[in-house]
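J.: Below are the structure tokens for one structure; questions will follow.
The values are calculated or read from the model by the stated rules, or taken from the named source; none is laboratory data. Nothing here was measured: the structure is a model prediction, and the numbers come from that model. All Cβ positions, glycine included, derive from the backbone under ideal geometry; neighbour counts span all protein chains shown. Protein only, heavy atoms only, side chains kept; ligands, DNA and RNA dropped before computing areas. Shrake-Rupley method; radii C 1.70, N 1.55, O 1.52, S 1.80 Å.
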Amino acid sequence: MQKFTSVTGIAVPLQRSNIDTDQIIPAVFLKRVTKTGFEDALFHGWRQDPEFVLNREPFTQGTVLVAGPDFGTGSSREHAVWALRDYGFQVVLSSRFGDIFKGNCGKQGLLAAQLSEKDIETIWLIIDEQPGVEVTVDLIAKTVTAGKSGFAFEIDEYTRWRLLEGLDDIGLTLRDEARITEFEAKRESWRPKTLPAR
Amino acid sequence: MNSTPKTLAEKVWEDHLVVKGENGTPDLIYIDLHLVHEVTSPQAFDGLRQAGRPVRRLDLTIATEDHNTPTLAIDKPIADLTSRTQIQTLRNNAAEFGVRLHSLGDIEQGIVHVVGPQLGLTMPGITVVCGDSHTSTHGAFGAMAFGIGTSEVEHVLATQTLPLNAFKTMAITVEGTLRPGVTAKDIILAVIAQIGTGGGQGYVLEFRGSAIRALSMEGRMTICNMSIEAGARAGMVAPDETTYAYLKGRAHAPEGRDWDDAVAYWDTLPTDDGAVFDAEVFLDANTLEPFVTWGTNPGQGVSLSESVPDPAAFDDVNDRAAAERALQYMDLDAGTPMKDIRVDAVFMGSCTNSRIEDLRAFASIIEGRTKADGVRVMVVPGSARVRIEAEAEGIDKIVLAFGAEWRFAGCSMCLGMNPDQLAPGERCASTSNRNFEGRQGKGGRTHLVSPLVAAATAIRGTLSSPWDLENSPVPQSDPTTQAAAKVGA
């Protein structure tokens, strides 16, 4: 995973609430066995509409998505994160995220930054007044700058640290392998075993 | 032990702590059971291969094929090439890494969340994960079970652990007695309508109260299954005699001394008196009616006896905008009685409602009747074993005589990854869990319902409950005032 410090780019307003991962990427695209190449699948249903924000300039070049509350609810499909990333998004701003989606973002270097609903609406207004406005999302300072306005965002410290350092989770966990082995030695024999098959 | 009173969720969590997090780092939690399917695993196995890592605990891992599998002609090669490739990829990965796999045609094949409990692998006090958000289903046994993304699937395959942040706890207490015709599905739809699709975010839900205790394991699984639709990663029910009776004797359930040890431990799991939840929600089972969704998220629901709501009636601006969009997508007008809504299709299946008890409930309503003209009715058992069990009871014959389709096991039209999909504009009463735009097929419109409502709707062609049928096996009764009085006492 690449280190993430800050991003400056065009902000894309997505003024809807409850954007579930079925909308971000419909199930039909989950049949692929690769981890890249999902850019065409992003918001596939909505992109059929020429008026959809991603079909309008200057938003086709966006890298920061500014979405309504409860973004990324529903299915656990990490493909939603891959599709956003493959399309070119590096940051999603929302006032609330689906838990699993938020966790998946942290594993893939996509920043899910949480702002108040009021701040999201203010950013929408700023984009409305200056379409194509560049925003800067700074993970070190935990701030979003849009035009002359600045906003603070929230992210859990562990995810922030891992993004800043670009660290691989499995590698981190395996530093504790001795503790895992120790734990396994104490597990009770009644606990489930899939093998041998019965 | 004079420790502070704890909740069920806290106990299970603490018993799986490998490393306690410090200074903002997450806890490292041990995973007892990892369920794998074809959709969210290929990239995870790729990751292992690239890093040269084995699966750490093959004996805690099991795979099945469910999301992509056809529910007709399962003896033929899968027609859709990308689906076939994905399933073949799982077979190759399982063979290469040594993972136990139940493929199409195997008696243990089926929806991953039906297979785990059916094999007796799902049990109280364990941690269960799967690359599927409806893993919350297994919480019905008093397990801590939640869905994970593909990166986490790889993490569990490699380490049998997950770094996880602590959670908050929410008690959802449902007291009283459900009237005949009202089911677990109606409870959970009502709960989600009450707390919203984001209401459970950051929480583990514990379902409690006399109405929950009275439910079968199947009913409890239906409720925990849809915890994710309230935004919660996990839902749990404390284990009790109902749990033990379901589990005992299943293929992988503990035996002999192990069983006794397990029960002794499981008996310690229910939430202690005096334990404090971070949030509490109450629901009255006595007055609950069959419930149905009108919109495009599972929180947009009402009692079947009500009408499509007016978006203007929502105080919150986002809720109002979402309702307007939903009515447009669903092609519904505010004020239309829910029971006036005609459907084109009925889907009876999914990890929410495809177990044997669900099929029995559906069959009990349709038996001896024929479906409404022009309505397509599809019945999809949750697993090959459920299908065989249902056939032994003659349920397949009842379904076929009714004019419905009797299919092979899989996720099917719940998410339309296989050919079982709605056509654009088609409207479906579905026992599944998500009414998102396009979920059951592009342009398809979904109303989430219980198996009983699905059956009555298939008979009448309009959204209906068994209470609406002539000569109903389940007529409407008054709310149970006796039980209500007991709650107040």
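J.: Can you tell me which residue in the stretch A:179-198 is nearest to the other protein chains (Cβ to nearest Cβ), limited to those that are surrounded by fewer than 16 Cβ atoms within 10 Å (Cβ to Cβ) and hydroxyl-bearing (Ser, Thr, Tyr)?
T.: Only one residue tops the list, namely A:Ser189.
J.: Restricting to the stretch B:230-279, and then to whatever is touching a strand residue (DSSP E or B) at 6+ places or on another chain (Cβ under 8 Å) and of a type in the set (D, E, K, R), can you tell me which residue is least open to solvent (accessible area, probe 1.4 Å)?
T.: Across the stretch B:230-279, the extreme among qualifying residues is B:Arg233.
J.: How many residues, within the stretch B:18-59, are aliphatic (A, V, I, L, M), farther than 14 Å from B:Gln160 by Cβ and open to solvent by less than 50 Å² (accessible area, probe 1.4 Å)?
T.: The number of residues fulfilling the criteria is 1.
J.: Within the stretch B:80-136, restricting attention to residues that are acidic (Asp, Glu) and touching a residue at least 60 places away in the same chain (Cβ under 8 Å), which residue is nearest to B:Pro54 (Cα to Cα)?
T.: Initial filter on the stretch B:80-136 (acidic (Asp, Glu)): B:80, B:96, B:106, B:108, B:132.
Now drop any that are not touching a residue at least 60 places away in the same chain (Cβ under 8 Å), which leaves B:80, B:106, B:108, B:132.
Details: B:Asp80: 31, B:Asp106: 26, B:Glu108: 25, B:Asp132: 22 Å.
Restricting to residues being acidic (Asp, Glu) and touching a residue at least 60 places away in the same chain (Cβ under 8 Å), the top hit is B:Asp132.
J.: When the residues of the stretch A:4-34 are narrowed to those that are over 15 Å from the mean Cα position of the chain (by Cα) and of a type in the set (D, E, K, R), which ends up nearest to A:Gln108 (Cα to Cα)?
T.: This residue is A:Arg32.
J.: I need the full set of residues from the stretch B:190-221 which are of a type outside the set (Phe, Trp, Tyr) and touching a Cys at 6+ places or on another chain (Cβ under 9 Å), in order please. Reasoning before the result, please.
T.: Restricting attention to the stretch B:190-221, the residues satisfying the condition of being of a type outside the set (Phe, Trp, Tyr) are B:190-202, B:204-206, B:208-221.
Matches in the stretch B:190-221: B:Leu205, B:Met221.
J.: Touching a Pro at 6+ places or on another chain (Cβ under 6 Å) and either among the acidic types (Asp, Glu) or within 28 Å of A:Ile140 (Cα to Cα) (or both) - does that describe any residue in the stretch A:40-52?
T.: No: the stretch A:40-52 contains no residue that is touching a Pro at 6+ places or on another chain (Cβ under 6 Å) and either among the acidic types (Asp, Glu) or within 28 Å of A:Ile140 (Cα to Cα) (or both).
J.: For the stretch B:197-227, which residues satisfy the criterion of being buried (at least 24 other Cβ atoms within 10 Å of the Cβ), modelled with pLDDT of 95 or more, out of contact with any Lys or Arg (no Cβ under 6 Å at 6 or more places or on another chain) and not hydrophobic (A, V, I, L, M, F, W, C)?
T.: B:Gly200, B:Glu206, B:Gly219, B:Arg220, B:Asn225, B:Ser227
J.: Considering only the stretch A:19-32, state which residues are assigned to a helix (DSSP H, G or I) and either among the small types (Gly, Ala, Ser) or touching a residue at least 40 places away in the same chain (Cβ under 8 Å) (or both). Quick ask: steps written out before the conclusion?
T.: Taking the stretch A:19-32 first, the residues assigned to a helix (DSSP H, G or I) are A:21-24, A:27-31.
A:Thr21, A:Asp22, A:Ile24, A:Ala27, A:Phe29, A:Leu30 - these are the residues of the stretch A:19-32 that are assigned to a helix (DSSP H, G or I) and either among the small types (Gly, Ala, Ser) or touching a residue at least 40 places away in the same chain (Cβ under 8 Å) (or both).
J.: Just to be sure I understand, how many residues within the stretch B:170-194 are buried (at least 24 other Cβ atoms within 10 Å of the Cβ) and among the hydroxyl-bearing types (Ser, Thr, Tyr)?
T.: So the count comes out to 1.
J.: Do you know which of the residues in the stretch B:1-17 that are in a helix (DSSP H, G or I) and in contact with a strand residue (DSSP E or B) (Cβ under 8 Å, 6 or more places away or on another chain) is most open to solvent (accessible area, probe 1.4 Å)?
T.: Per the stated criteria, the residue is B:Glu10.
J.: Still on this structure: Of all residues in the stretch A:1-27, which are open to solvent by 20 Å² or more (accessible area, probe 1.4 Å) and out of contact with any helix residue (DSSP H, G or I) (no Cβ under 8 Å at 6 or more places or on another chain)?
T.: Scanning the stretch A:1-27 gives A:Gln2, A:Ser6, A:Thr8.
J.: Inspect all residues belonging to the stretch A:161-170 and state whether any of them is of a type in the set (D, E, K, R), within 14 Å of chain B (Cβ to nearest Cβ) and either surrounded by fewer than 19 Cβ atoms within 10 Å (Cβ to Cβ) or not in a helix (DSSP H, G or I) (or both).
T.: Yes, that holds for at least one residue.
J.: Could you tell me which residue of the stretch A:86-98 is nearest to B:Asn433 (Cα to Cα), considering only residues that are open to solvent by less than 10 Å² (accessible area, probe 1.4 Å) and in a loop (DSSP other than H, G, I, E, B)?
T.: A:Gly98
J.: Also: What is the residue count in the stretch A:135-160 for residues that are at pLDDT below 95 and open to solvent by 50 Å² or more (accessible area, probe 1.4 Å)?
T.: Number of matching residues: 3.
J.: Any residue at all in the stretch A:66-74 that's at pLDDT 95 or above, within 10 Å of the chain's Cα centre (by Cα), facing chain B (nearest Cβ under 9 Å) and more than 20 Å from B:Glu154 (Cα to Cα)?
T.: no
J.: Same structure, new question: For the stretch A:33-85: of the residues being assigned to a loop (DSSP other than H, G, I, E, B) and of a type in the set (Gly, Ala, Ser), which is surrounded by the fewest Cβ atoms within 10 Å (Cβ to Cβ)?
T.: Filtering first and then ranking leaves A:Gly37.
J.: Right, here's the next one. Please work out if A:Asp176 is surrounded by fewer than 17 Cβ atoms within 10 Å (Cβ to Cβ), acidic (Asp, Glu) and within 13 Å of chain B (Cβ to nearest Cβ).
T.: Judged against the criteria, A:Asp176 is not a match.
J.: State yes or no: is B:Ser151 open to solvent by less than 10 Å² (accessible area, probe 1.4 Å), among the small types (Gly, Ala, Ser), in a helix (DSSP H, G or I) and within 11 Å of chain A (Cβ to nearest Cβ)?
T.: For B:Ser151, the condition - open to solvent by less than 10 Å² (accessible area, probe 1.4 Å), among the small types (Gly, Ala, Ser), in a helix (DSSP H, G or I) and within 11 Å of chain A (Cβ to nearest Cβ) - is not met.
J.: To continue, here is another question. Residues being in a loop (DSSP other than H, G, I, E, B) and either under 17 Å from A:Arg162 (Cβ atoms) or not polar (S, T, N, Q) (or both): count how many of those fall in the stretch B:154-166.
T.: The total comes to 2.
J.: Name the residue that is least open to solvent (accessible area, probe 1.4 Å), counting only residues in the stretch B:380-400 that are over 19 Å from B:Met413 (Cα atoms) and free of Cβ contacts under 8 Å to residues at least 24 places away in the same chain.
T.: Looking only at the stretch B:380-400, we keep the residues that are over 19 Å from B:Met413 (Cα atoms), and these are B:385, B:388-395, B:397-398.
So of that shortlist, the ones also free of Cβ contacts under 8 Å to residues at least 24 places away in the same chain come out as B:391-392, B:394, B:397.
On the way: B:Glu391: 62, B:Ala392: 89, B:Gly394: 19, B:Lys397: 136 Å².
Residue satisfying both the conditions and the ranking: B:Gly394.
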